[in-house]
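So the structure is just underneath, and the comments pick up after that.
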Amino acid sequence: MSFRSYIPSKMKVIGDHNADVVVRAYAENPEYGRGLDPDCAEPLEGFGTSFNAMIPREEWNERIEEMERKKMRLPDLVDDLKARGEWDGPRVLNQSRTNYCWINSPVHAVMLTRAKQGEKYVPLSPASVGAKIKNFRNVGGWGSEGLKYIREHGIVPHELWPANAIDRRYDNSESDAARKHFKCDEWWLLQPRNLDQMMSCLLQNIPVCIGLNWWSHEVTAVAPARVGENSYGIIFDNSWGEGYGDKGRGLLRDSKMLPDDAVAPRTVTASDWK
Amino acid sequence: MKQFINGLCVGLLLASVLENGLPNIIPIPDIIPSSAPFETDVPRCLAIYESGETHTLPASKLDILTGTKFRRWCSENGWEFKSWDEEITIERADESWKKALQVERTDTPWLVFSNGNTGGSVPLPNDADAAIELLREHTK
C-alpha cells in the first residue's frame, strides 16, 4: 500500500465536502476572528521576486514521505523546539476577536523562519504591523501587504506591543527601534491558485501565507501532505490558538487549499534580540 | 624509462627494509584537527545556503538545514546551530556569527564550525548523520 500522510484525529480536515459547514460554523462566532476582506485592497501584484524554485510533481511523493519519516517539517521543528524548551510559547498565534488574520499569518511565518534559521524564540506582535498599515483600524487585509510592510519596517516584539493591541500607545520610539530586528529579507510572491508553487515551497520548508476567499480568512501553510494516491493536502497553522484542531493546526485539501493570495518569506534578518 | 626508475626505487626501498628493518614512522592520527575557522567562546556551527536554490537539494541535505535531527544533536551536545541564507542581513547579529558567515568558502550549501580551538569549513555533508559525525570529532 502506498504511503499516506499521518493525520492526527484531532486535526480539522477541510475540503470540498465540508467547507460550507466550516464557514457557517465559524462565521457567527465572534471568538474566531477572520479578516480577509474582499472589499479591501486587492492582493499586491509585482511585489517581491517571482517564484522560480519548482519541485516537479514526480518528486512529491518521495519527498513528502521522507520529510514525514525524518520529522523534518516545520510543525516537527516547532514541536521539537517546544519539547526542548526553546520555543517558549504557543505553537500558533491567536488573533482573538481582531480582523487581523491577514497579518497574523505573515508574522507567524516570520517566527517560523526565525526558528528555522536558529534564531532565538521571540514572540512577535501582529497588531504592531496591522495597526500601522490600517491606521489603527480593526479591518481586513491581505498577507502580501502585511509582508511588504514587514520587509520595509519589521515587527515589534510582544513585550513592547501586545499581540492584539490596536492601540497608538505602543507606537513609540522604543517599539520603532525594536522592529528593525525583525524584518523579512527575502520572499516570493506566488501565483494565485497555483498548487505547484505552494507545494514546492512547503517541500523546501518555506511557510506560505495563504489568503482564502471562500473562508474570508488567511492561514499559514506549513507542510505538505499526501492524502490519496495522487492527491495532496496542506497542513496549516491557524491563528485561533492551540485549542483549534490539532495544537492549532488543520489540513486543507481539494480546491479549498488553493490560495487567492500567497506570499512565502524565505529569509529574515539575523538578530540576537536580548 | 619511467618504469625502470619506479622499479629501481621499489628495489632500493625493499633492500633497505631487509637490511635495517622497518623504519620508525611517526604515527599519524586518524583525524588531523584543523585550526578554528572563526573565533568563538562556545561551539558554534553555521550552515550557509542560497534560499532561492534549495529546490535543487535532496531532502537529506535539506534535513540538515531545516530539519530536527541535526539541530537536536547540536543542542544536546553543546553546539549552537544556525542556518542562514548567504545574503542574510547580519548587522544585528552576534560578532562571532558574523565571522562564521565570512569564512572563505567556494560554494553553497556549506558548513562552517568551530569549538574555539578546532573546527572545519566544508561543503554541506550529504545528510544529518554525516554532519553529526563531522562535529562529533570536535566535541569536547
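Number of residues in the range A:10-32 that are within 20 Å of A:Tyr232 (Cβ to Cβ) and more than 20 Å from the chain's Cα centre (by Cα) equals 3.
Just one residue in the set A:Asn135, A:Asn99 is free of Cβ contacts under 8 Å to residues at least 24 places away in the same chain, more than 27 Å from B:Lys98 (Cα to Cα), of a type outside the set (Gly, Ala, Ser) and surrounded by fewer than 24 Cβ atoms within 10 Å (Cβ to Cβ); that residue is A:Asn135. In the range A:259-266, the condition of being within 14 Å of another protein chain (Cβ to nearest Cβ) and basic (Lys, Arg) is met by at least one residue. Restricting the range A:80-120 to residues that are assigned to a helix (DSSP H, G or I) and in contact with a Ser or Thr (Cβ under 6 Å, 6 or more places away or on another chain) leaves a set whose member that is farthest from A:Gln204 (Cα to Cα) is A:Cys101.
Scanning the range A:242-274 for residues that are farther than 18 Å from A:Leu74 by Cβ and of a type outside the set (Val, Ile, Thr) yields a total of 13. Against the condition crowded, with 24+ Cβ neighbours inside 10 Å and modelled with pLDDT of 95 or more, how does A:Ser200 come out, does it pass? Answer is yes for this residue.
Tell me, yes or no, whether the range A:157-165 has at least one residue that is over 14 Å from the mean Cα position of the chain (by Cα), away from chain B (no Cβ under 12 Å) and within 27 Å of B:Leu101 (Cβ to Cβ).
Yes, some residue in the range A:157-165 is over 14 Å from the mean Cα position of the chain (by Cα), away from chain B (no Cβ under 12 Å) and within 27 Å of B:Leu101 (Cβ to Cβ).
Residues that are closer than 15 Å to B:Ser83 by Cβ and touching a Leu at 6+ places or on another chain (Cβ under 9 Å) were ranked within the range B:38-58; the one that is nearest to the other protein chains (Cβ to nearest Cβ) is B:Thr54. Of all residues in the range A:222-257, those being surrounded by 24 or more Cβ atoms within 10 Å (Cβ to Cβ) and either without any contact (Cβ under 8 Å) to a residue 40 or more places away in the chain or charged (D, E, K, R) (or both) number 4.
On the given criteria, is A:Ile103 out of contact with any strand residue (DSSP E or B) (no Cβ under 9 Å at 6 or more places or on another chain), more than 14 Å from chain B (Cβ to nearest Cβ) and modelled with pLDDT of 95 or more? When the stated conditions are applied, A:Ile103 does not pass them. Restricting B:Glu80, B:Glu76, B:Glu87 to those that are more than 7 Å from chain A (Cβ to nearest Cβ), without any contact (Cβ under 8 Å) to a residue 60 or more places away in the chain and closer than 21 Å to A:Ser200 by Cβ reduces the list to B:Glu87. Mind counting the residues in the range A:53-67 that are surrounded by fewer than 20 Cβ atoms within 10 Å (Cβ to Cβ), more than 8 Å from every other protein chain (Cβ to nearest Cβ) and touching a strand residue (DSSP E or B) at 6+ places or on another chain (Cβ under 8 Å)? Selection size over the range A:53-67: 3. Filtering the range A:224-242 to residues that are part of a loop (DSSP other than H, G, I, E, B) and among the acidic types (Asp, Glu) leaves A:Glu229, A:Glu242. For the range A:194-223, taking the residues that are in a loop (DSSP other than H, G, I, E, B) and over 27 Å from A:Thr98 (Cβ atoms), the one that is farthest from the other protein chains (Cβ to nearest Cβ) is identified as A:Asn194.
The values are calculated or read from the model by the stated rules, or taken from the named source; none is laboratory data. Given the structure is predicted, the values throughout are model-derived calculations rather than measurements. FYI the Cβ positions are ideal-geometry reconstructions off the backbone, even for glycines, and counts take in every protein chain you see.
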